[in-house]
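Here is the structure we will look at, set down as structure tokens.
The values are calculated or read from the model by the stated rules, or taken from the named source; none is laboratory data. The structure displayed is predicted, hence computed values, not measured ones. Neighbour counts are summed over all protein chains in view; Cβ atoms, including those assigned to glycine, are modelled from backbone coordinates with ideal geometry. The accessibility values were calculated without ligands, DNA or RNA, using every heavy atom of the protein model including side chains. Shrake-Rupley method; radii C 1.70, N 1.55, O 1.52, S 1.80 Å.
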Amino acid sequence: MPVLVMKFGGTSVATLDRIQRVAKRVGVEVAKGYDVIVIVSAMSGKTNELVGWVKETSPMFDAREYDAVVSSGEAVTAGLMALTLQQMDVPARSWQGWQVPLKTDSAHSAARIDEIPTDNINEKFGEGMRVAVVAGFQGVSPEGRITTLGRGGSDTTAVAFAAAFDAERCDIYTDVDGVYTTDPRISPKAKKIDKIAYEEMLELASLGAKVLQTRSVELAMRYKVKLRVLSSFEENTDTSGTLVCDEEEIMESNVVSGVAYSRDEAKMTLVSVADRPGIAAAIFGPLSEAGVNVDMIIQNIAEDGRTDMTFSCPIDDVARARVALDGAKDAGDINFHELVADEDVAKVSVVGIGMRSHAGVAAKMFGALHDHGVNIKVIATSEIKISVLIERKYMELAVQALHDAFELEK
Ligand code: ASP
Ligand code: MG
């Protein structure tokens, strides 16, 4: 029988009533003839509570025990979902990550999936089980310890199962009815997108659109898993929600599909570093070792053999970046005059596959920002996106202005 993966996020399983409601949806798909793999998150708020308990108990916690604790939220919802389905006479059972087993590496709290053997679950499908309810977010390391996949990781669990079981589709049920052209809380004109290409979704997710964990989109793209994002609070038809799919399946791609933002960015400038081979490596090597997530980089034109180097990173990484660079300076690897951090910036980006074949997107974007008096501090581009760093207080204004300029409400 064809396999369908249905993933329910924390708000969709937040209470017993809601579990009952989504179980009915699962029942509908079973009645259509699918064998269903249900992936569940923890009840909303649960994982935060568990993380809080761990930190309160042990500030410098053992990551293996962190995973043992925080994975428990999904264990509860998986069992409850299986029970609910059984009450509806749907043959179902629950699976913890280690029972499948969903094999990961040993990077506790941010583990990556190595393999999902399908035999155990397929054997049960063969015996008449119709729904395998799998606890999202968790797996097992080569050492036999419980691991978790990082916050939001149930999305990645869902896509990985869809790939492993060659599912017809992976439906991600959440509290919004799809992916929007921008955050509706910022621009009321934001519109739901019917179809979006993997590449665009990947950019939007990594640029701050929080509907899907970025890694889940990466996986979907690699294994060509058809992903659908839809609401568990609305009546859905076969075409509701947003389909994340291959570019070829989208008839007419938009030049710009969405505007993304990320509020908590910082811009750091090394004033006056030597302009010679090896200097960039001497700067970004220590930053990478310190785990600083560097995003944009600009090097200015050199004068008298010296130049300024600017990069952006999340605001949370500023302290670590400072320690790493001061250390490199003390070690004599780089010699800079001053390290200036601007912690008052936000990143706003426009994303669209159509940019590949359309000129003028940058000009239009910069024009719109200019019309609203927004100064651009740093610009970065890829084939399908343009990002700017601006002063944080203009972030909402910039998002709205760009949404208008590219007529995304149409
Ligand atoms: N419960 C986990 C979290 O809150 C995983 C997930 O829901 O995707 O991050
Ligand atoms: Mg989520």
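May I ask for the net charge around Met201, where only other residues with Cβ less than 14 Å from the Cβ of Met201 are counted and Lys, Arg are +1 while Asp, Glu are -1? Before the final figure, lay out each step's value.
Details: positive: Lys192, Lys195, Lys210, Arg215, Arg222, Lys224, Lys226, Arg228, Lys385; negative: Asp155, Asp194, Glu199, Glu200, Glu203, Glu218, Asp246, Glu247, Glu249.
Local charge sum for Met201: 0.
For the chain, build the charge dipole from Cβ charges (+1 Lys, Arg; -1 Asp, Glu) around the Cα centre, then report which of Ala341, Met6, Thr148 sits farthest towards its positive end.
Of the options given, the answer is Met6.
Provide the gained length on full extension for the span Glu303 to Val271, in nm with one decimal, where the gain is 0.36 nm per separating residue minus the Cα-Cα distance.
Working: separation 32, 0.36 × 32 = 11.52 nm, distance 1.22 nm.
Answer, rounded to one decimal: 10.3 nm.
Counting only protein heavy atoms and a 1.4 Å probe, tell me what percentage of segment 255-410's accessible area is made up of carbon and sulfur.
Working: 3500 of 7280 Å².
C and S atoms contribute 48 percent here.
Please label the shape of segment 147-186 as rounded, prolate or oblate, based on the square roots a ≥ b ≥ c of the eigenvalues of the alpha-carbon gyration tensor (a/c under 1.5 means rounded; beyond that, a/b larger than b/c means prolate, else oblate). Please list the in-between numbers first.
On the way: a/c = 3.39, a/b = 1.58, b/c = 2.14.
Oblate, since a/c reaches 1.5 and b/c is not below a/b.
Run the quick spin-label model on Asn120 and Lys224: label points 7 Å from Cα toward the beta carbon, then report their separation in nm to one decimal.
Each label point is offset 7 Å from its Cα along the Cβ direction, giving 3.0 nm.
Using a basic spin-label model with each label point 7 Å from the Cα along Cα→Cβ, how many nm lie between Asp62 and Asp175?
Distance between the two pseudo-spin positions: 3.5 nm.
Using the Cα centre as the reference, give the magnitude of the dipole from point charges on the C-beta atoms of segment 271-410 (Lys, Arg: +1; Asp, Glu: -1; all else neutral), rounded to the nearest 20 debye. Numbers along the way, then the final one.
Working: 13 positive and 22 negative charges, 76 e Å.
That gives segment 271-410 a dipole magnitude of about 360 debye.
Could you work out the local net charge near Asp171, counting Lys and Arg as +1, Asp and Glu as -1, over the other residues with Cβ closer than 11 Å to its Cβ?
Values: positive: Lys7, Arg25, Arg169, Lys226, Arg228; negative: Glu29, Glu168, Asp238.
Its environment carries a net charge of +2.
Along Cα→Cβ, 7 Å out, is where each label goes; now give me the distance between the ones at Val323 and Glu234 in nm to one decimal.
4.6
In Å², and per residue, what accessible area does the chain have when probed at 1.4 Å with the other protein chains present?
Ligands and nucleic acids excluded, the figure is 45 Å² per residue.
Which of the aspartates and glutamates could a cross-linker span from Lys267 if the Cα-Cα distance has to be under 20 Å and same-chain partners fewer than 8 positions apart are dropped?
Within the straight-line cut-off, Lys267 pairs with Glu289, Asp295, Asp308, Asp316, Asp317, Asp326, Glu338, Asp342, Glu343, Asp344, Glu391, Glu396.
Considering only DSSP beta bridges with both partners in the chain, what is the antiparallel share in %, to the nearest 5? Before the final figure, lay out the partial values.
Values: 45 of 74 bridges.
Roughly 60 percent of the beta bridges in the chain run antiparallel, per DSSP.
If the reach is capped at under 17 angstrom between alpha carbons, list the aspartates and glutamates near Lys364, excluding any in the same chain fewer than eight residues apart.
Answer for Lys364, where 17 Å is the Cα cut-off: Glu383, Asp404, Glu407, Glu409, listed by chain and number.
Could you tell me the center-to-center distance, by alpha carbons, between segment 347-410 and segment 264-308 in angstrom?
25
Can you work out the Karplus-derived ³J(HN,Hα) for every residue in segment 98-114? Use 6.51 cos²θ - 1.76 cosθ + 1.60 with θ = phi - 60°, whole Hz, and x for glycine or proline.
For segment 98-114, the Karplus-derived couplings read 5, 7, 5, x, 7, 8, 10, 7, 9, 6, 4, 6, 8, 6, 10, 7, 9 Hz, x marking Gly and Pro.
Could you list, in their original order, any pairs among Lys103/Lys191; Lys24/Lys385; Lys189/Lys226; Lys191/Lys393 whose Cα atoms are separated by more than 29 Å? Intermediate results must be reported in sequence, preceding the final value.
Details: Lys103/Lys191 39 Å; Lys24/Lys385 40 Å; Lys189/Lys226 27 Å; Lys191/Lys393 24 Å.
Beyond 29 Å: Lys103/Lys191; Lys24/Lys385.
Peptides 300-307, 150-157: what's the order by average Cβ count within 10 Å, highest mean first?
150-157, 300-307
Assuming a ≥ b ≥ c are the square roots of the Cα gyration tensor eigenvalues, decide whether segment 102-197 counts as rounded (a/c under 1.5), prolate (otherwise, with a/b larger than b/c) or oblate. Don't jump to the answer; show the numbers that get you there.
Values: a/c = 2.98, a/b = 1.57, b/c = 1.89.
Oblate is the answer for segment 102-197, as a/c is 1.5 or above yet b/c matches or exceeds a/b.
Name the most mobile residue of Ala75, Ala282, Ala135, meaning the one with the largest mean-square fluctuation, in a Gaussian network model of the chain with Cα contacts below 10 Å.
Per the Cα network of the chain with a 10 Å cutoff, Ala282 tops the list.
Can you work out the FRET efficiency for the pair Lys410 and Met129, with r the C-beta to C-beta distance and R0 = 51 Å, to the nearest 0.05?
Values: r = 47 Å, r/R0 = 0.92.
Efficiency for this residue pair is about 0.60.
Would you please state which residues of segment 257-279 a label at Asn335 would reach in this model, taking the label point 7 Å out along Cα→Cβ and a backbone N cut-off of under 16 Å?
271-279
So what's the gap between the Cα centers of segment 23-75 and segment 1-18, to the nearest angstrom?
12
Please work out how much length the chain gains when fully extended from Arg356 to Ser288, using 0.36 nm per residue of separation minus the C-alpha to C-alpha distance, in nm with one decimal. The partial results should precede the final answer.
Working: separation 68, 0.36 × 68 = 24.48 nm, distance 3.02 nm.
Roughly 21.5 nm would be gained on extension.
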